[in-house]
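Reviewing the structure listed below.
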Amino acid sequence: LTPSLFHPCRWCLHGPVTQKQSQMSPVFKIGAVFWAVCVYVTNASGWADCDAKPPELDGAFEHAFWAAQPNETQFYVQYPTATLPQGPKGWPVMIFMHALNLGWEWYQPQIERWASHGIVVVFPFIKSQTQDDTVYPIVSDTTGKWLQKGLDLVRDMASGASAMPPGLQGTLDLANVAFAGHNMGAVSALRIAASSPKGTVKLVIAMHPFPCDIGPPPPPYTITKAEIQQAGDKAGLILFTSEDDAAFGPASWTAGREKKCFAAATGNAVFASFSAAACDAYPDCSEFPTQGPFGKLDCKGKIHATGKGHFCPCSAPGVPKWVSPQQMWVTVSVRAYLHHDLDTNAACYDLLYGSGPKSLSSDANIADKQLQKKSSNSPVVV
C-alpha cells in the first residue's frame, strides 16, 4: 500500500465506501475512517466550500442594505440576515473603497453577491454617495483614511459601541477582515494595509491600482513598491488589472507595469491581467439608461477618459447583461481567505491556486497571471 492511498482527500474524491467494499479489503475500512475525517475537515470552518456553493452564482444567505452615518461619515453596508452558521465566531468583513469619480451603483451587484456568500461589506464615502460619484469637482483620497474609518466602524459594532445593522444575527469576526478597492480605492487598500499592524486584515484586494513609483501625480497619490511589499507581508494580496486599461497611460503599457509592481510582493499573492477581449465587452455608453435612477451617471465623462478596460471590475448600472469577469475571482479569494483560512484542502483554494479546468489559471478571460505562495520565508511561484 502506498501512502497516497491513505490521504484523506483521496477518499473524499471517491466518496464513502460501501459495506461490500469494506468486506472485500481492510484498505477500505481505513479509507472509511479517513473519509469521515475528510468530511470533518471540509466542514470544520462552518462555511460552504466553493464546490458546494459555486462562486459564480449567488450564495445561500439572504442579505439586506443599510445606510449609516456615524460621526458624519456616510457608509453603505450590505450584510447577511440569515442565522450565522455553526462554527464561525462571526461574519467576515470586507471594507471596500470605490474608484475616483465612482459610487455605490458601479459595484452594487458584486457587493450583493459577496453578501450572499456570507460577507459583510462596508462601503465608505469620502463626502457622500452623490458627491463621490461625480467627475467634477474631484473627490479623492489615497491615504486609506476612509478604509480606516470603515474598520473603526466595524470594531465599534463588534464591541457594542455602535449599532449593528438591523437584522444582522451574530457578531462580526475581527480576525477575518479584508481591505479592498478599485483604482483610488486600491491604492488606499494597499497603503492602509502596509501601515497597519500585521493581523489587522487577512487579505488585501487591489483592482487596477495606480501604477507604482511614477508621477504625475507624485506620491502619496501613487503607490510605492515598498508599500506593496509591506502590505503583502502582512496579509494575502490579490492584484488585478487588464491589458486594455488606459487610465494611466497607453493601454499596452499598464499591465506590464502593474506586474512589475506586483513583483515587490513577497508573501501569498495572486496577480492577474484580464484580456482586452474580456474587458472590451463592457457595454457602450449608448446602452446605459437615460432615465430613472441611473439616468445621470455621466457614463461618457467617466468611461471615455479611461477606456473600458479600467471599468472591468465594475458593474454597468442599468445594464444587467454585463458581469465583471473579475467578480468571481474576488468572491473566490474572499472565501478562500476569510472562510477557509487559505486551507489547501478547500475547493476555494484549488480554484485560486490550482490548475483544474475551473481554476483561475484556466480562465480564458485572463491574459497573464502569476501565483505566488510563501514557503520557508521565501516566495515560490506556483
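Points worth noting:
- Condition met for A193 (open to solvent by less than 10 Å² (accessible area, probe 1.4 Å), farther than 18 Å from W104 by Cα and either in contact with a Leu (Cβ under 7 Å, 6 or more places away or on another chain) or free of Cβ contacts under 8 Å to residues at least 24 places away in the same chain (or both)): no
- If you check Q169, Q129 for being in contact with a helix residue (DSSP H, G or I) (Cβ under 8 Å, 6 or more places away or on another chain), surrounded by fewer than 20 Cβ atoms within 10 Å (Cβ to Cβ), in contact (Cβ under 8 Å) with a residue 40 or more places away in the chain and not β-branched (V, I, T), only one passes: Q129.
- Filter pass, S355 being open to solvent by 20 Å² or more (accessible area, probe 1.4 Å), free of Cβ contacts under 8 Å to residues at least 12 places away in the same chain and either of a type in the set (A, V, I, L, M) or assigned to a helix (DSSP H, G or I) (or both): no
- Residue within the stretch 172-189 that is surrounded by fewer than 19 Cβ atoms within 10 Å (Cβ to Cβ) and hydroxyl-bearing (S, T, Y) present: no
- Criterion: touching a Ser or Thr at 6+ places or on another chain (Cβ under 9 Å) and under 24 Å from E72 (Cα atoms) - qualifying residue of T143, T134: T143
- Filter pass, D152 being within 22 Å of the chain's Cα centre (by Cα), of a type in the set (D, E, K, R) and open to solvent by less than 40 Å² (accessible area, probe 1.4 Å): no
- Out of I138, I111, one residue alone is of a type in the set (A, V, I, L, M, F, W, C) and open to solvent by 40 Å² or more (accessible area, probe 1.4 Å). It is I138.
- In the stretch 326-345, the count of residues that are exposed (fewer than 15 other Cβ atoms within 10 Å of the Cβ), free of Cβ contacts under 8 Å to residues at least 60 places away in the same chain and either part of a helix (DSSP H, G or I) or touching a helix residue (DSSP H, G or I) at 6+ places or on another chain (Cβ under 9 Å) (or both) is one or more.
- Subset of the stretch 312-325 (residues that are more than 12 Å from the chain's Cα centre (by Cα) and in contact (Cβ under 8 Å) with a residue 40 or more places away in the chain): C312, C314, S315, P317, P320, W322, V323, S324, P325
- As a summary of the residue check, Y349 satisfies the conditions (1) closer than 24 Å to F179 by Cα; (2) part of a helix (DSSP H, G or I); (3) open to solvent by less than 20 Å² (accessible area, probe 1.4 Å) except for the one numbered (3).
- Within the stretch 298-318, if we keep just the residues that are among the aliphatic types (A, V, I, L, M) and at pLDDT below 95, the residue that is surrounded by the fewest Cβ atoms within 10 Å (Cβ to Cβ) turns out to be A305.
- Within the stretch 162-196, being touching a strand residue (DSSP E or B) at 6+ places or on another chain (Cβ under 6 Å), polar (S, T, N, Q) and within 22 Å of T143 (Cβ to Cβ) holds for one residue alone: S188.
- Selection status of G309, in contact with a Ser or Thr (Cβ under 6 Å, 6 or more places away or on another chain) and of a type outside the set (D, E, K, R): yes
- Any hit, the stretch 359-378, residues being hydroxyl-bearing (S, T, Y), closer than 28 Å to A193 by Cα, touching a helix residue (DSSP H, G or I) at 6+ places or on another chain (Cβ under 7 Å) and open to solvent by 10 Å² or more (accessible area, probe 1.4 Å): no
- Meets criteria (free of Cβ contacts under 8 Å to residues at least 24 places away in the same chain and out of contact with any helix residue (DSSP H, G or I) (no Cβ under 8 Å at 6 or more places or on another chain)) for G160: yes
- Restricting attention to the stretch 358-367, the residues that are within 19 Å of N268 (Cβ to Cβ) and not in a loop (DSSP other than H, G, I, E, B) total 3.
- Checking each residue in the stretch 305-318 for being assigned to a loop (DSSP other than H, G, I, E, B) and either acidic (D, E) or closer than 16 Å to F248 by Cβ (or both) picks out G307, C312, P313.
- Any hit, the stretch 264-285, residues being in contact with a Ser or Thr (Cβ under 8 Å, 6 or more places away or on another chain), among the aromatic types (F, W, Y) and crowded, with 24+ Cβ neighbours inside 10 Å: yes
- Matching entry among F294, F262 (being among the aromatic types (F, W, Y) and in contact with an Asp or Glu (Cβ under 9 Å, 6 or more places away or on another chain)): F294
The values are calculated or read from the model by the stated rules, or taken from the named source; none is laboratory data. Predicted model only: the values in this text are computed from it and were never measured. Because the Cβ atoms are built from the backbone with ideal geometry, glycine has one as well, and the counts that use them run over all protein chains shown. What goes into the accessible areas is simple: the full protein's heavy atoms, side chains included, and nothing from ligands, DNA or RNA. Shrake-Rupley method; radii C 1.70, N 1.55, O 1.52, S 1.80 Å.
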